[in-house]
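What follows is one structure encoded as structure tokens, with my remarks underneath.
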Amino acid sequence: MKLSFTLFTALAALGGAWASNVIDLTPDNFDQVVGKGKPALVEFFAPWCGHCKNLAPKYEELADVFAHAKDKVVIAKVDADGEGKPLGQKYGVTGFPTLKWFPADGGEPEAYNGGREVLDLATFITEKSGVKSKIRPPPPPAFEVLDSHTFDDVALDPTKDVLVTFTAPWCGHCKRLKPTYEQVATDFKNEPNCVVANVDADAAANKPLAQKYGVGSFPTIKFFPKGNKDAPVDYEGGRTEEDFVAFLNEHCGTHRAAGGLLDESAGRHPEFDSLASRFATAAADVRNKLVEDASLLASAFGPQFKYYVRVMEKVVNGSEEYIEKEAKRLQSILTKRSVSPQKLDEVKIKANILATFKAVEEKVEEVVEELQEKVDEAVGRDTAEL
């Protein structure tokens, strides 16, 4: 049994090697494969190289997504610190890994200096050969991708506040920032005048933009306010989602919270909050007058504040439990998030306004309970004295 298991393990390992779609090249077979009518991407690696080890599974995946086109393009590798060392010397390899693109006609190879993710490599091969991979492209980012042709239309739009990251595909800090920045863009997707954008400032076509705005390192983050496009603000805050959200709220005048919902202040107004506080503690006859005052104020300030009036009317018309029940219903919608982002904003604003009434009611209940406790204590003392 032990021998059978060992044999099975060895065969499995060999099977894995045989299954690779990456062609191993040596000085003996290089010229028989490269430059013989098919273009080739060749990785020159060293077995001990950490970067090569990191690239290895991605390079295998790259070969897999072009496996259907072996008759059109070659994905290969050379151990340039071992048997293939003469090939590394011939093609000027001085570091590992080095990737080179060899034309189909045997012409001079071109150094590959792009990103090392599978999609980066696949995109390069498709651009050079016209051969499409079977890789599924990722969904488009939530942030706007700008270049030298679109930058001015967006970042310099006088009606929009725009946050721009200037990044490079190879930059480690940029890669670590990307998922956070993606989430921030998602948080603000329902704010059309507060734009979250990105520029690949290392792309040749975009380098004039980087030079114009003094981008000397990556990532560089700048905010282009709608009131002064000639003086973008350097973003020097933290790199967490909460940091970016707080910055954009301050500079865009928005009320977002991390996660994308509106914050607790959205949709509220101090004048209406004051009326809500008075309403919650007023007698029935006074409440009717406060409803009239709120209606007049809403006509002056805008229809977005009419929900204050609606809540008051519901209570005046006998629905004393309306605030509690409606608050629970709205919170359930916010928790499930099963409606559109626009609808979520509407629900959150209503929940915020209801919270104004609810907070006053809870405070009144606390005061009543405290008074009752004092009365009970006083009665207890009087009874004890008797």
- [ ] Taking just the C-alpha trace of segment 186-327, give me its Rg and Dmax in Å.
- [x] 22.5, 73
TODO: Take the Cα atoms of segment 291-348, find their three principal axes, and give me the spread along each one in whole Å, biggest first.
DONE: 36, 26, 9
Task: Value of D in µm² per second that Stokes-Einstein yields for the chain, Kirkwood Rh from Cα pairs, at 20 °C (1.002 mPa s) - done: 79 µm²/s
- [ ] Compute the separation of the alpha-carbon centres of segment 248-266 and segment 81-120 and state it in Å as a whole number.
- [x] 49 Å
Open item on the list: 7 Å from Cα along Cα→Cβ at both D157 and T335: what's the point-to-point distance in nm?
Closed with: 3.7 nm
Task: Two-site label geometry, A205 and V286: point separation in nm, points 7 Å out along Cα→Cβ - done: 6.7 nm
Open item on the list: If you roll a 1.4 angstrom probe over the protein chains with everything in place, what fraction of the accessible area of segment 199-320 belongs to carbon and sulfur, to the nearest %?
Closed with: 49 percent
Task: Value in Å of the Kirkwood radius, where segment 68-205 supplies the Cα pairs that are averaged - done: 18.1 Å
Open item on the list: From the protein chains alone at 1.4 Å, what is the descending order of accessible area for L99, L119, largest first?
Closed with: L119, L99
Task: Under-20-angstrom lysine pairs by C-alpha in segment 136-234, whenever the two are 8 or more apart or on separate chains - done: 15
Open item on the list: What translational diffusion coefficient, to the nearest whole µm²/s, does segment 127-236 have by Stokes-Einstein, given a Kirkwood radius computed over alpha-carbon pairs, a temperature of 4 °C and 1.567 mPa s viscosity?
Closed with: 88 µm²/s
- [ ] Send over the semi-axes of segment 7-131's equivalent ellipsoid, whole angstrom and largest first, taken as the square roots of 5 times the C-alpha gyration tensor eigenvalues.
- [x] 21, 18, 15
TODO: Calculate, for the chain, the solvent-accessible area per residue in square angstrom, rolling a 1.4 angstrom probe over the heavy atoms of the protein chains.
DONE: 57 Å²
- [ ] Could you list which residues have their amide H under 5 Å from that of V215, counting only those 5 or more apart in sequence or on another chain, with H placed in the peptide plane?
- [x] none
TODO: Calculate, in nm to one decimal, what S274 and R310 gain on full extension: separation in residues at 0.36 nm each, minus their alpha carbon distance.
DONE: 11.4 nm
Open item on the list: What does the extension gain come out to for S299 and H51, with contour length at 0.36 nm per residue minus their alpha carbon separation?
Closed with: 82.7 nm
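The values are calculated or read from the model by the stated rules, or taken from the named source; none is laboratory data. Being a predicted model, the structure only gives us computed values, none of them experimental. Using ideal geometry, Cβ is built from the backbone for each residue, glycine included, and neighbour counts are taken over all protein chains shown. Protein only, heavy atoms only, side chains kept; ligands, DNA and RNA dropped before computing areas. Shrake-Rupley method; radii C 1.70, N 1.55, O 1.52, S 1.80 Å.
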